[in-house]
1. For region 32-62, name all the residues that are crowded, with 19+ Cβ neighbours inside 10 Å and over 30 Å from residue 93 (Cα atoms).
2. Is it the case that residue 65 is farther than 20 Å from residue 7 by Cα and either in contact with a helix residue (DSSP H, G or I) (Cβ under 9 Å, 6 or more places away or on another chain) or surrounded by 19 or more Cβ atoms within 10 Å (Cβ to Cβ) (or both)?
3. Quick check on residue 127: is it out of contact with any helix residue (DSSP H, G or I) (no Cβ under 6 Å at 6 or more places or on another chain), surrounded by 15 or more Cβ atoms within 10 Å (Cβ to Cβ) and not in a helix (DSSP H, G or I)?
4. In region 92-103, how many are under 8 Å from the mean Cα position of the chain (by Cα) and over 15 Å from residue 13 (Cα atoms)?
5. Enumerate the helices (runs of 4 or more DSSP H) found wholly within region 1-116, keeping only those where 1 or more residues are in contact (Cβ under 8 Å) with a residue 24 or more places away in the chain and over 20 Å from residue 137 (Cβ atoms).
6. Of the conditions (1) under 15 Å from residue 94 (Cα atoms); (2) at pLDDT below 95, residue 11 fails just one. Which one is it?
7. Pick from 136, 89: which is crowded, with 17+ Cβ neighbours inside 10 Å, farther than 20 Å from residue 47 by Cβ and either modelled with pLDDT under 90 or within 18 Å of the chain's Cα centre (by Cα) (or both)?
């Protein structure tokens with residue numbers, strides 16, 4: 001079961017990165033070109049929200065069943081996990097930063113829906129999705145991904 005969940009989590013991550021970057025670029029483009037916020041803009045931002053939440057749920061399951069997540073912390077202790085950069089990345093940094101990423105996407109999406117003007121919608125999405133994209137790219141375990 002662990003290898004299946006890890007496989008899904010790893011390959012779904014490609015979709016997450018592509019769609020979050022697309023949604024971020026779309027929000028920035030809409031903000032700087034001052035275009036009207038339309039149905040496609042809504043769909044792109046909503047799709048980014050949905051796939052990041054799905055990835056979060058898969059990652060949450062993986063954190064509890066993986067030998068590198070909670071089990072590693074319980075077996076070695078937090079002190080030992082924090083001393084090893086690879087263990088720390090997989091058990092602490094990656095999960096924590098991805099929780100923040102999903103939070104920024106969720107808050108940005110929720111706040112943009114309350115705005116009435118296109119410029120304010122794009123600005124809200126651009127701010128929150130850009131922060132989320134930076135966080136996302138900062139804690140992907142690149143060495144294991146390629």
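1. Within region 32-62, 37, 41 qualify.
2. no
3. No.
4. 1
5. Correct list: 2-33, 39-65, 94-114.
6. Here residue 11 meets the rest and fails (1).
7. Numbers: 136 fails: farther than 20 Å from residue 47 by Cβ.
Only one candidate qualifies: 89.
The values are calculated or read from the model by the stated rules, or taken from the named source; none is laboratory data. Predicted, not measured: the structure shown is a model, and the values here were computed from it. Methodologically, a virtual Cβ is constructed for each residue, glycine included, from the backbone with ideal geometry; neighbour enumeration extends over all protein chains shown.
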